[in-house]
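Heads up, the thing below is written out as structure tokens.
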Amino acid sequence: MSRGLLLVPVTGRDGMRGLLYCMRCIAAAVLVLQEGAALCRTYCLPGTDSSSTQIVAASVYGYRTAAWKGVRTSLDSLSLKENISMSLADVLAYNSSLFVKQSGRAAFSTVSFRGTSPSHTQVLWNGMKINSPMPGMADFSLIPSFLTDRADLLHGGSALQEVSGGLGGAVLLYTGTGAADGFSTQFVQGIGSFLTVDDFLRMDYGSGGFSVSLRAVFSYSPNRFRYVNTKKNENVYDDDMNIISTFHPEEYNENGKYRDGHLLLDASYRTASGDRLGLSVWYTGSYRQLPKLMVDYSDVGDFVNDQDENTLRAVASYSRSSGMADISVSAGYANTLFRYDHAFDAGNGHWSQMTGASARTDTFFLRGGAVWRFSGRWALRTDVSAYLYNVHSSEAVSRQGYDAARPDAGVYVSLDWKPSGRLGLSLSMREELAGRVLSLPVPAFNAGFLLWRDAGLHVKASVSRNYRYPTLNDMYFLPGGNPELKPESGFSYDAGYSFSKTWDNVSLSGEGTWFDSRINGWILWLPYGTGKNYYTPVNLQAVHAYGVEQKAGFSLDAGRGLSVDIDGNYTWSPSINVSGTGRKGDTSAGKQLVYVPVHSASLVAALTFRSWTLLYKWCWYSRRYVMSSNESGPSGSVPPYFMNDVTVSKGLEFRRAGISLSLAVRNLFNESYETVLSRPMPGINFEFFLGITPKWK
Amino acid sequence: MVPALSLCLFSCMDSPSYEKEEVGIGSGGLFVVNEGVYGSGTASLSYYDPHTGEVQDHVFSRANGVPLGDVAQSMTISGGAGWIVVNNSRVIFSVSLSDMVERGRITGLVSPRHILFLSDSKAYVTDLYDTGIAVVDPRTYSVTGAVRTGSPAEQMILRDGYVYANCWSSGTEILKIDCTSDKVVDSLEAGIQPCSMVFDSDGSLWVLSDGGGWEGNPAGYVKPSLLKIGTEEFAVEQELVFDGYIAVSDLVASDDGKTLYWLGSGVWKMDISSKELPDAPFIPSEPGQTFYALTANSEDGDIYVADAVDYSQDGKVYRYSSGGALKDVFSVGICPGAFCWYR
């Protein structure tokens, strides 16, 4: 088995504990200048993020897309600021139609749109792509929802408006400053099951056109939950070593500790003439152990299996908006240092190192864009972006690794035309350069029509082509990297409707989209070499992903402080391996891709009465196949997933501070389950949150 | 909305579970050890009866109500029991051969690969990462000591009081171990990554080295070779170097020890008296075939080749006559990687 830093599925032949931590906040004085192209308001659950501050300057890059153009889901602050223990993966699982694959609590989590793979989801933070250039994916468990002020999901070909390579879609994350004027702070402390501690501190200052915000998030847990291991038998022997009885043992989730810290600084300055300058700096320090498999028979304490990741990201931006034109430029840098160690105590103090992988990635980023509006009917948008990736990857045991550098660049031009107040048409073109390879032009066409103005009923459709270039691991990983790989490419079509209607105290909204996407040259890693002891990526499969996304929202203000909000999502997404692998005896052709559910749904319902809120969340994924041949037995699939969470919150207002109290109950029905085969998940668990927002004035 | 809420409140999850049932195994058949998908705990054991053509899948999990584990590596029969080495579960299960019910297990291993029985009370276990061979007592299922080898060892063969072990992963040596003192008494360079070995009818040790397998391998990258080693002098008597950088593995001998077989874009066959390598495979693989394991039936000389297909679906086993004619094809578990005959 290959022993390098390879974040791809592998299948070969080989294969601490602690005290409670307190919140630490490191203040850094950095002159910050933040673009503020959009305003958004923070609505908070009582008892969670009780911040009374409004986000006055979110770092929204560039152009605000017309409602008729593509399929876009915006996550509001209510979803993002539910409680400080939640990662963006948790938020997306309950509040979107995306499929979130989580390997465990605070473990590697990926997100995919419309039956595609996680590497087909592009993630942009304040305009800069943050997918790892090595495996091409982003770990959503390392993005605290409290450090995100707005998240937009661009489904399918809509992603081309911002980035290429998002064959499934794109996730756009924005951060910004808070207090309009003066100083404000907020502190939230969470304490929960399995000795879990979560802390959040936010400090905002604003004066005139200048505003600055500093946020810190810290999470720690031994994560040592107890579960009945139905995949093992505990043997009871007699004196002659004969087994006289067996039972499924109760075990702890061993080696599951995590300790994540984040520091985010946002600042902006806006002049009276409309210039905006901004800077966002985000540091992440993460230490995580990798829990034992349920079928691992090694003893506790006789192994090391953990990883460290330190990432610094920074984006500086300038924008100017006038009546006819907007311009914006930004520059960014990201650095990640990653280490993974796997070793076993072979006895007598001798440790057998299985893996000692490390990697450093540096990303340099430049982007510029402009929008010109003509006569109220035409809009021309241009966008130019460039990335330079440098990767150094090494593995100490096998002495394997690679150094690679690749410049990527893209040019995007779109022309929007509104021939009437109801009809909008848009034609766009994107051209990409990856290393020395220039893509074919990537066109997209969008059309939208306002069918019923009173109900806000739009019908819309789009067609687009898209590309995804192989990642640096795909091309250069040793052993197995394949420099001859071709880009994955495909056509996507979608059509749908959206409406939003508000009566006096009731509002109803909905959106439905049919989509159809064909992806050719799907990159698949397969075992290779003598003894099939390493993997190599090949362009093999043709995939047909199609289906329907449906969203619905309902809210009722019943008066006297009573309100009800319900939002639901449902996705039907067959994602069919059309071609198979081409191997003799292969039965995967015509089958659903592994770990992609055909059906997924989520529902969030909030009942608010004055300062009390009851939040109920539910998520469902249909059976996910583990085998490419779609066998449904216990080793071939993961049973359907249902999850129910409840949160009760109460807000208290005092003269000198606002206090919030919240109790979150996860896995309400104490389900015993797995989301990824042989990875244990916790039963019912609780976390209590105390939020304090001092009133300085 | 009401149906949705009802579905929320009245739904519950199942864990992937294995039902326990009675399993019956008759002798004379072939166990197929299926690795499963790494990291998912989907290893399994299949059993094929060559006389009836019947295949029983998942015989371990069905008999014991739990999965076999993660990455089953090899199986050995000794003392009336089957011993299944499950590499990434770091366990060796002992099972009753007639019903596959577990009799006990050996733990405390790092990354076990193969087990070799020296007596009823002593066995050696090689390890992919440990630079030593574990000494275990099969009666108590306990690790009792170690043979320090300096490099991880792979296969083992017992001959005349000595154990011969090849150091495959990033290794170059064949080790000669005195199984009384549990010490390495001699070693021999045998090319880059000697991957498998077998004794012939003349008592010579044949070693197949894969040459490193990929360009840039720090262990080295050369053309694969087949070596004949005399055990008296413990020296290389004959070295046959392959023409190209082909992937080779799984060297086995016919029951009479006069013919060698190995994998490399098909099944290759060579008489032990040959002074040069054959020009072409005896059974060429067809496009899209990925041969992964090889064995020969001592009763009728039939050759069995495992094909892992795409490594994430049930694999295939092709049964050929000793003349190379296809006689049968049957499905087994995910990623069939080793065979074990139940005589």
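What are the residues in segment B:222-251 that are within 14 Å of another protein chain (Cβ to nearest Cβ) and either surrounded by 18 or more Cβ atoms within 10 Å (Cβ to Cβ) or acidic (Asp, Glu) (or both), if any?
Initially, segment B:222-251 is screened for residues within 14 Å of another protein chain (Cβ to nearest Cβ), giving B:222-226, B:242, B:244-251.
Scanning segment B:222-251 gives B:224, B:225, B:226, B:242, B:247, B:248, B:249, B:250, B:251.
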Looking across segment B:199-221 at residues that are within 23 Å of residue A:534 (Cβ to Cβ) and at pLDDT 95 or above, the single one that is farthest from the other protein chains (Cβ to nearest Cβ) is B:207
Residue match in segment A:538-553 (condition: part of a loop (DSSP other than H, G, I, E, B) and surrounded by fewer than 20 Cβ atoms within 10 Å (Cβ to Cβ)):
no
Residues being closer than 25 Å to residue B:155 by Cβ, out of contact with any Lys or Arg (no Cβ under 8 Å at 6 or more places or on another chain) and of a type in the set (A, V, I, L, M): count how many of those fall in segment B:306-343.
3
Checking the conditions here, which among B:153, B:146, B:134, B:123 is of a type in the set (A, V, I, L, M, F, W, C), touching an Asp or Glu at 6+ places or on another chain (Cβ under 7 Å), at negative phi and not assigned by TED's automatic domain parsing to the domain that holds residue B:230?
B:134
Select the strands (runs of 3 or more DSSP E) contained entirely in segment A:359-450, then report the ones holding at least 2 residues which are under 26 Å from residue A:279 (Cβ atoms).
A:378-395, A:400-417
Only one of A:433, A:438, A:427 is closer than 30 Å to residue A:377 by Cβ and not small (Gly, Ala, Ser); which?
A:427
State whether the residues of segment B:81-91 include one that is surrounded by 18 or more Cβ atoms within 10 Å (Cβ to Cβ), closer than 25 Å to residue B:174 by Cβ, within 9 Å of chain A (Cβ to nearest Cβ) and small (Gly, Ala, Ser).
no
Can you give me the ranges of the strands (runs of 3 or more DSSP E) entirely in segment B:99-197 with at least 2 residues that are within 14 Å of chain A (Cβ to nearest Cβ) and in contact with a strand residue (DSSP E or B) (Cβ under 6 Å, 6 or more places away or on another chain)?
B:102-106, B:112-119, B:122-127, B:132-137, B:142-148
Of (1) within 23 Å of residue A:103 (Cα to Cα); (2) in contact with a Lys or Arg (Cβ under 6 Å, 6 or more places away or on another chain); (3) modelled with pLDDT of 95 or more, residue A:612 fails just (1)
Please identify the pairs in which a residue from segment A:605-627 that is in the same structural domain as residue A:567 (by TED's automatic domain parsing) and buried (at least 21 other Cβ atoms within 10 Å of the Cβ) has its Cβ atom under 7 Å from the Cβ atom of a residue that is in a strand (DSSP E or B) and acidic (Asp, Glu), counting only partners at least 6 apart or on another chain.
A:617/A:645
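Any residue at all in segment B:175-186 that's surrounded by 17 or more Cβ atoms within 10 Å (Cβ to Cβ) and among the small types (Gly, Ala, Ser)?
Checked segment B:175-186: no residue is surrounded by 17 or more Cβ atoms within 10 Å (Cβ to Cβ) and among the small types (Gly, Ala, Ser).
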Selection from segment A:291-317 of residues crowded, with 17+ Cβ neighbours inside 10 Å and closer than 30 Å to residue A:383 by Cα yields A:311, A:313, A:314, A:315, A:316, A:317
Kindly evaluate residue A:183 against the criterion of being surrounded by fewer than 23 Cβ atoms within 10 Å (Cβ to Cβ), out of contact with any His (no Cβ under 6 Å at 6 or more places or on another chain), among the aromatic types (Phe, Trp, Tyr) and at positive phi.
no
Matching residues, segment A:644-664, being closer than 20 Å to residue A:621 by Cα and either of a type in the set (Gly, Ala, Ser) or more than 14 Å from chain B (Cβ to nearest Cβ) (or both):
none
Would segment A:291-304 turn up any residue that is under 17 Å from residue A:223 (Cβ atoms), touching a Ser or Thr at 6+ places or on another chain (Cβ under 7 Å) and not charged (D, E, K, R)?
yes
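Yes/no per residue for (1) within 30 Å of residue A:185 (Cβ to Cβ); (2) facing chain B (nearest Cβ under 10 Å); (3) surrounded by fewer than 22 Cβ atoms within 10 Å (Cβ to Cβ):
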position	(1), (2), (3)
A:205	yes, no, yes
A:213	yes, no, no
A:217	yes, no, no
A:223	yes, no, no
A:228	no, yes, yes
A:237	no, yes, yes
A:241	no, yes, yes
A:244	no, no, yes
Out of segment A:601-638, which residues are facing chain B (nearest Cβ under 10 Å), of a type in the set (A, V, I, L, M) and under 30 Å from residue A:78 (Cα atoms)?
A:601, A:603, A:605
Top-ranked residue of segment A:672-689 - restricted to ones that are under 12 Å from residue B:15 (Cβ atoms) and among the polar types (S, T, N, Q), ranked as farthest from the other protein chains (Cβ to nearest Cβ):
A:675
Can you name the residue in segment A:360-386 that is modelled with pLDDT of 95 or more and among the basic types (Lys, Arg) and, of all such residues, is surrounded by the most Cβ atoms within 10 Å (Cβ to Cβ)?
A:367
How many residues of segment A:262-312 are of a type in the set (S, T, N, Q) and within 14 Å of another protein chain (Cβ to nearest Cβ)? The answer is 2
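For segment B:299-314, which residues satisfy the criterion of being at the interface with another protein chain (Cβ under 8 Å from one of its Cβ atoms) and at negative phi?
Passing the criteria: B:307, B:308, B:310, B:312, B:313, B:314.
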Within segment A:301-315, is there a residue that is more than 30 Å from the chain's Cα centre (by Cα), in a loop (DSSP other than H, G, I, E, B) and aromatic (Phe, Trp, Tyr)?
no
Of these, B:296, B:325, B:280, which one is small (Gly, Ala, Ser), buried (at least 19 other Cβ atoms within 10 Å of the Cβ) and away from every other protein chain (no Cβ under 13 Å)?
B:296
In segment B:44-71, what count of residues is obtained for those that are within 13 Å of chain A (Cβ to nearest Cβ) and closer than 20 Å to residue B:318 by Cβ?
4
Checked pairs for segment A:126-144, first surrounded by fewer than 24 Cβ atoms within 10 Å (Cβ to Cβ), second acidic (Asp, Glu), C-beta under 8 Å and 6 or more apart or across chains, list as A:142/A:260; A:142/A:309
Out of the residues in segment A:324-351 that are crowded, with 20+ Cβ neighbours inside 10 Å and closer than 27 Å to residue A:310 by Cβ, which is farthest from the other protein chains (Cβ to nearest Cβ)?
A:330
Where residues in segment A:567-600 are crowded, with 19+ Cβ neighbours inside 10 Å and more than 25 Å from residue A:633 (Cβ to Cβ), which of them is farthest from the other protein chains (Cβ to nearest Cβ)?
A:571
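The values are calculated or read from the model by the stated rules, or taken from the named source; none is laboratory data. Fair warning: this is a prediction, and the values are worked out from it, not measured in the lab. Here the Cβ is made from the backbone with ideal geometry for all residues, glycine too, and neighbour counts use every protein chain on show.
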